[in-house]
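Down below is the structure, laid out as structure tokens.
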Amino acid sequence: MLRTLVKDALHAAGPVDTIFLQGWVRTRRDAKAFSFIELNDGSCLKGLQVIVDTTLPDYANVAHANTGASVEVHGKLVESKGQGQKWEVVATGFKVLGEADATYPLQKKGHTLEFLREIAHLRPRSNLFGAVFRVRSRLAYAVHQFFQERGFYYVHTPIITASDAEGAGDMFRVTTLDLENPPKLEGGKQVDNTKDFFGKKTFLTVSGQLEGEIFAHALSNVYTFGPTFRAENSNTSRHAAEFWMIEPEVAFCDLAGNMDLAEAFVKHLIRDAKEHCAADLEFFAKFVDKDLMPRLDFVLEKPFVRCSYTEAVEILGKSGKTWEHPVAWGANLQAEHERYLTEEHFKCPTTVYNYPRAIKAFYMRQNDGTAEGRETVAAMDLLVPGIGEIIGGSQREERLDKLRAGMALHHLDEKAYWWYLDLRRYGSVPHAGFGLGFERMLMFVTGVGNIRDVIPFARTPGTADF
Ligand code: 4AD
Ligand code: MG
């Protein structure tokens, strides 16, 4: 007999004479004439109540159906006489597949998130993490839907790379060399990297952007969606060493078009989650973040604020706040500044644009007419309340001479980027793109406060379990 998912049983149009379910026991309560079992199969937040009559031949099995056990139920779907559910199952057959004894760690509710991280192999079976990972799955689908419906092509950019896309150097090395005894160059001191697997030094990618740009110069509108890796030693609630990023790259597009795309994209993801993950979001609103629904509605209704970096520095300077990191034109905005702008000053998602050239990546387009000593590039960061930066992007420098100057400013070796420079030699076009941190977006949509709790298996400094 075909298995019915709990989600579908709960939405049944009418009673069903024979139904077959499989799942895990959340709770069991034994009364005089019946046992009541809450069955959950992960297809949705809610469980389905199963009633097993003590006179049923299979009833002896019920004693083994403890919290966490996997079970199979044949029965009838009938209208529930109890409160809080429309349908319940009256069992005609009941079998335990895999028992779980009293050591099963998810016996009771109310475990701390820290404890649940230590049992990342079991936490998807809890209400909170079931909901998080259903939303994660749905939003991954919505990412593709958004871009595919707008004529973007999905490009699979490499995970192993020889180039540093951000020019920031926070990369994990990939090597098959024997680290205890590496081959040496003549003279015997330096490591001979030509003997490594790829014949040169390679790393895990920090971004698919540069390869995305190659494809934008051929297919016009493209996006990547894949894992990226950063070896920054940032032990914060918003940084992971391995995270997923969505990076659209658009030919014939400027910074304003890029901001429009980013805003439409973020709104699409929120709208999609509200439509397709309503029960899970309700759960977050009840148990994780009371202000979740009004915040999401607010984001959908209002246009995002756009504010230049120079204006932002003025606002921060006049705020009357004392900052841990001083505010001055030319310094990078820190999390405390970003959060003040979006949470306290504008109280709205805010795109800060036109940053000082010296603090941004080499590939960003130099703005015309900016004063000596106050040179800016066409960069943009989207900041949202509660998190800060969720998107970083820019219009790219399409002029060969300016790009070379940018590389010189950042002390990058032109030889390593020869193919990137070629894009400016052959059919160069104005183009722009951005990267959305998928986990940061999930934090925003669910209200979950730590990045470790929106990724199945977090990789952070000192932790790579499972
Ligand atoms: O601002 P970032 O570094 O931009 C880039 O990588 C560009 N190449 C993107 C582009 O223009 N195509 O990173 C983009 C976003 C950030 O805004 C943030 O949401 C996320 O990626 N991010 C991280 N998320 C989790 N953990 C980290 N360590 C992250 N670093 C960046
Ligand atoms: Mg950034």
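The values are calculated or read from the model by the stated rules, or taken from the named source; none is laboratory data. The model shown is predicted, which means the values in this text are computed figures rather than measured ones. Using ideal geometry, Cβ is built from the backbone for each residue, glycine included, and neighbour counts are taken over all protein chains shown. We work out accessible area using only protein heavy atoms, side chains counted, and drop any ligands, DNA or RNA first. Shrake-Rupley method; radii C 1.70, N 1.55, O 1.52, S 1.80 Å.
Quick test for you: out of A358, A378, A335, A328, pick the one residue that is touching a strand residue (DSSP E or B) at 6+ places or on another chain (Cβ under 6 Å) and over 22 Å from A251 (Cα atoms).
Of the residues listed, the single one that is touching a strand residue (DSSP E or B) at 6+ places or on another chain (Cβ under 6 Å) and over 22 Å from A251 (Cα atoms) is A335.
Report the residue count in segment 200-214 for those that are part of a loop (DSSP other than H, G, I, E, B) and either modelled with pLDDT under 95 or in contact with a helix residue (DSSP H, G or I) (Cβ under 8 Å, 6 or more places away or on another chain) (or both).
Selection size over segment 200-214: 2.
Here's a check for you: in segment 388-403, which residue that is within 16 Å of ligand 2 (Cβ to nearest atom) and more than 12 Å from F362 (Cα to Cα) is surrounded by the fewest Cβ atoms within 10 Å (Cβ to Cβ)?
Result: E389.
Which residues, counting only those in segment 247-274, are away from ligand 2 (no atom under 16 Å from the Cβ), more than 16 Å from G151 (Cβ to Cβ), open to solvent by less than 30 Å² (accessible area, probe 1.4 Å) and out of contact with any Ser or Thr (no Cβ under 8 Å at 6 or more places or on another chain)?
K267, L269, I270, D272, A273
Output yes when any residue across segment 322-337 is in contact (Cβ under 8 Å) with a residue 40 or more places away in the chain and within 17 Å of F444 (Cα to Cα), and no when none is.
Yes, the conditions are met somewhere in segment 322-337.
Could you run through segment 411-449 and say how many residues are open to solvent by 30 Å² or more (accessible area, probe 1.4 Å) and in a loop (DSSP other than H, G, I, E, B)?
Kept after step one, since they are open to solvent by 30 Å² or more (accessible area, probe 1.4 Å), are these residues of segment 411-449: 411-416, 418-419, 422, 425-428, 430, 440, 449.
Going one step further and asking which of them are in a loop (DSSP other than H, G, I, E, B), we end up with 411-413, 426-428, 430, 449.
Of the residues in that region, 8 qualify.
Considering segment 83-104 alone, what residues qualify as being open to solvent by less than 40 Å² (accessible area, probe 1.4 Å) and assigned to a loop (DSSP other than H, G, I, E, B)?
A100, Y104
Got a sec? Which of V327, V288, V305 is within 30 Å of L128 (Cβ to Cβ) and of a type in the set (V, I, T)?
Result of the check over V327, V288, V305: V288.
Among V327, V352, which is touching a Cys at 6+ places or on another chain (Cβ under 7 Å) and of a type in the set (A, V, I, L, M)?
Values: V327 fails: touching a Cys at 6+ places or on another chain (Cβ under 7 Å).
The conditions single out V352.
Please enumerate the residues belonging to segment 154-199 that are among the aliphatic types (A, V, I, L, M), more than 21 Å from G226 (Cβ to Cβ) and part of a loop (DSSP other than H, G, I, E, B).
Selection gives L177, L179, L185.
Quick check on V135: is it among the aliphatic types (A, V, I, L, M), closer than 29 Å to K274 by Cα and in contact (Cβ under 8 Å) with a residue 60 or more places away in the chain? Give the derivation first.
Working: among the aliphatic types (A, V, I, L, M): yes; closer than 29 Å to K274 by Cα: yes; in contact (Cβ under 8 Å) with a residue 60 or more places away in the chain: yes.
When the stated conditions are applied, V135 passes them.
Which one of the conditions (1) on the phi > 0 side of the Ramachandran plot; (2) more than 40 Å from the chain's Cα centre (by Cα); (3) of a type outside the set (F, W, Y) does A31 fail to meet, given that it meets all the rest?
(1)
Do we find that G437 is of a type in the set (G, A, S), within 16 Å of ligand 1 (Cβ to nearest atom) and at pLDDT 95 or above in this structure? Steps first, please.
Numbers: of a type in the set (G, A, S): yes; within 16 Å of ligand 1 (Cβ to nearest atom): yes; at pLDDT 95 or above: yes.
Judged against the criteria, G437 is a match.
Which one of G427, G392, G386 is at positive phi and within 14 Å of ligand 1 (Cβ to nearest atom)?
On the way: G427 fails: within 14 Å of ligand 1 (Cβ to nearest atom); G392 fails: at positive phi.
One residue alone meets the criteria, G386.
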